[in-house]
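Some notes on the structure that comes next.
The values are calculated or read from the model by the stated rules, or taken from the named source; none is laboratory data. Quantities reported herein were computed from a predicted structural model and do not represent experimental measurements. Note: ideal-geometry Cβ built from the backbone for every residue, glycine included; neighbour counts use all protein chains shown. Only protein heavy atoms, including side chains, enter the accessible area calculation; ligands, DNA and RNA are left aside. Shrake-Rupley method; radii C 1.70, N 1.55, O 1.52, S 1.80 Å.
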Amino acid sequence: LIMAASGVGLLLVALGVLTYDLTSLRPRALRDLTAQAELIRINTTPALAFQDPRAAAENLATLRAKREIGAAALYTPDGRLFASYVQNPGEPLPFTGPSREGHTLANDRLTLTEAVTNEGQLLGWLMLEYRLSPFWTRLPQYGIIAGVVLLALLTVAILLSRLLKSSIIDP
């Protein structure tokens, strides 16, 4: 009985943690992407203001430190590509141009579009793509970790039930 109760309890806890991680993935990714966009907007505003695509591309290239960000692009106010960054150089840019400000989620990719302004004047558009696939590749690791923890805790439950068995059954 102790083993059954412990096993079910531990399994429910593992499922609860996994469910929380799944449901909080999109809001966490959006917060991270929004913070990255803010930094890139601040750093690329001068490049857009002075029409320096090389400096803008260098600023976008700093995103290579975040492996979840697959691509970034700056567009002029009229929608022309100004500078871009793609994590894997052989891949095409996933953006065709800014359509509207905001974010969209499609095919495990979160795309954020924000206006780049300076003193109320529109200088251009920033688009970032956040890939959610690293989470899905970690999912088997979560399963292995949960299985190991479950086995360890069930082993402790077995040992504890054997120790307590005599004090419960003998009286």
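Couple of notes before you dig in:
- Rounded to the nearest 10 square angstrom, residue 52 shows an accessible area of 60 square angstrom against a 1.4 Å probe.
- The mean sequence distance of close C-alpha pairs (under 8 Å, at least 6 residues apart), as a share of the length of the range 49-171, puts its relative contact order at 21 percent.
- Approximate spin-label separation residue 54-residue 104, in nm, with each point projected 7 Å along Cα-to-Cβ: 3.4 nm
- Debye log10 I(q)/I(0) for the chain, one point scatterer per Cα, at q = 0.12, 0.13, 0.17 Å⁻¹: -0.64, -0.70, -0.98
- Taking the range 100-171 and dividing mean pair separation by its residue count, relative contact order in percent (alpha carbons under 8 Å, at least six apart): 19 percent
- The loop-placed GluC sites (Glu not before Pro) in the range 5-109, going by DSSP, that have at most 15 neighbouring Cβ atoms within 10 Å of their Cβ come out as 101.
- Taking the Cα centre of the range 92-171 as origin and assigning +1 to Lys and Arg Cβ atoms and -1 to Asp and Glu Cβ atoms, the resulting dipole is close to 460 debye.
- When a 1.4 Å probe is rolled over the protein heavy atoms, the share of accessible surface on the range 54-126 that falls to carbon and sulfur comes to 45 percent.
- Our helix-only sum for the chain, with -39,500 (n - 2.57) per DSSP H run of n ≥ 4 divided by its residues, gives a mean residue ellipticity at 222 nm of -20000 deg cm²/dmol.
- Looking at the range 49-126, the trypsin sites (Lys or Arg not before Pro) that sit in a DSSP loop and have at most 12 other Cβ atoms within 10 Å of their own Cβ are 67, 80, 100.
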